[in-house]
1. With a 10 Å Cβ neighbour count serving as the proxy for reagent exposure, in which order, fewest first, do 205, 338 appear?
2. Testing the spin-label approximation: label points 7 Å from Cα along Cα→Cβ at residue 344 and residue 273. State their distance in nm.
3. Report the extension gain between residue 391 and residue 247 in nm, rounded to one decimal, defined as 0.36 nm multiplied by the number of residues separating them, less their alpha carbon distance.
4. Which value, in Å to one decimal place, does the Kirkwood hydrodynamic radius take for segment 199-343 when every pair of different Cα atoms is included?
5. List the residues of segment 141-168 whose backbone N lies under 19 Å from a point placed 7 Å from the Cα of residue 71 along the Cα-to-Cβ direction.
6. Suppose only helical runs count, i.e. DSSP H with n ≥ 4. What mean residue ellipticity at 222 nm does that imply for the chain under -39500 (n - 2.57) per run, divided by all residues and rounded to the nearest 500 deg cm²/dmol?
7. Net charge within 11 Å of residue 119 by Cβ-Cβ distance, Lys/Arg positive one each and Asp/Glu negative one each, not counting residue 119 itself?
8. Defining a contact as two alpha carbons under 8 Å apart and six or more residues distant in sequence, what relative contact order in percent does segment 280-406 show?
Amino acid sequence: MNTFLKSTLAVLMISSVVLISSCKEDPELPDNLVEFESDQLGIGSNEGELTINISLSREASAAATITAQIEGTGVEYGTDYTTEPAAVSNAIAIPIAVGATSVSFTLKKVAGALFDGDEQIIFTLPSAPESLVLGQKAQLTLSFAEIVAASGAIDINGGGATYPNKVFIDFSANRQTAIARTTWDFGFSTGSEFRVILNSSNGMMAKVLDKSDLNAVTAADTAGLGLKLSMEAVFAAITSDNPPNWVPEAISWIDDPTGDLTKTSIASISATASENKVYIVNRGSGPGSTPTQLGWKKIRIVRNGNGYTLQHADIAATTFSEIQITKNESYSFQYVSMTTGAVVVEPTKERWDIAWTAFSNSTNFGTGPVPYYFQDITLQNTVGVQTVQVLTSTISYEAFAESNIAALDFGNQSQAKIGSSWRSGGGPGSAPAIRTDRFYVVKDSDGNYYKVKFTALTTGGERGKPKLEFALVKKGS
């Protein structure tokens, strides 16, 4: 690999994996804004409760309490709904801990309460506690019906420079769902296929062994893997003067970045149990100024009727634990943590459009495709969602209207269709930034067309908090 190529790769890789220092309290920093995450939400007839988030633009420097006032139309507190924390005199007091970047409260429907769909609650933040300043979204209108949002602006709650969250966004509901990326390890497909995905947001990797007995696998089977089976090891190998001969194999240790389920690192789970091999898994790393290493496991997965059984253990263990997974077709995947068991990660499959996350991507620098870890990837839901990029040299975001939809060519779709195309930089002498010469049209699973543009890569200079705007172009029938 020539010197220039290695230099270029080094800068790109370092920009992907090195953590940017977190913002610290400083008199010159902009105001720490506190506001509702959304200014309009709906709670559908099939939803029993809804978490309402209040965001801060950076970590709280002091403990405080913020109050949300309630004004209902057509509903009564205690009769039709309650909140947690409970309201007193139509006001909810929500504590804010030191270091918090968001807080929340939960609205719960009272069992047996009936709604016509025209009921509303207006939540208002009348003032901000000391050290905080009210943002623009100080009022939230909650409808007791599903909504199709006409427009909105979303400050994506990625959690900051160590990108601790994966964030799912539903444009029509004007809703985002932020999930800590360390809460799961595997996703089990709920479709007709028996496929398992790795948690790519942690840089997870898996390597198959030629053994099908988990207890027969020992530390001897992992000899040398510490120098191979990690993002850091791959980076070191491809930037060395003589890349080792295992480098071409490394791409098989991650799932295909396009989301193609026929190209997962873990092979299709066979109905013949003896054909399902043991894998050595590096769980990757979690957030932190020094990334937390999540550790290594040995696993084996077999079918259990129309579900799965995950066997897992520490590398040197002579016994193993099992987790049973039952398919639920309301979701695309059933998620599991080897630490805590089953966990809900993504919303139901028709309730999200795109997701922001850090991600195990691939690239080619002369050695063939190799894994590399990339911050600020935008993925899309592959169930009924389609996206297409539009350049502003063709038509501006503001001018794009329903009459322009017919000329769009959505083409082939994959989870990485938007990918990193909305941002630039990270290479030699180039800081990451949004691209202002493009926007995207998203057709959701209900046939609604939205135009979407990213407006910022950072908030207050901090990575992991990008912003976007969206507007309804055509409502689905």
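1. Lowest count first: 338, 205.
2. 3.3
3. 48.2 nm
4. Its Kirkwood hydrodynamic radius stands at 16.4 Å.
5. Answer for this model: 141-144.
6. -1500 deg cm²/dmol
7. -3
8. Relative contact order for segment 280-406 comes out at 11 percent.
Where a number appears in this text, it was derived from the coordinates with a stated rule and is not lab data. Keep in mind the model is a prediction, meaning the values are calculated, not measured. We place every Cβ from the backbone using ideal geometry, glycine too, and count neighbours over all the protein chains shown.
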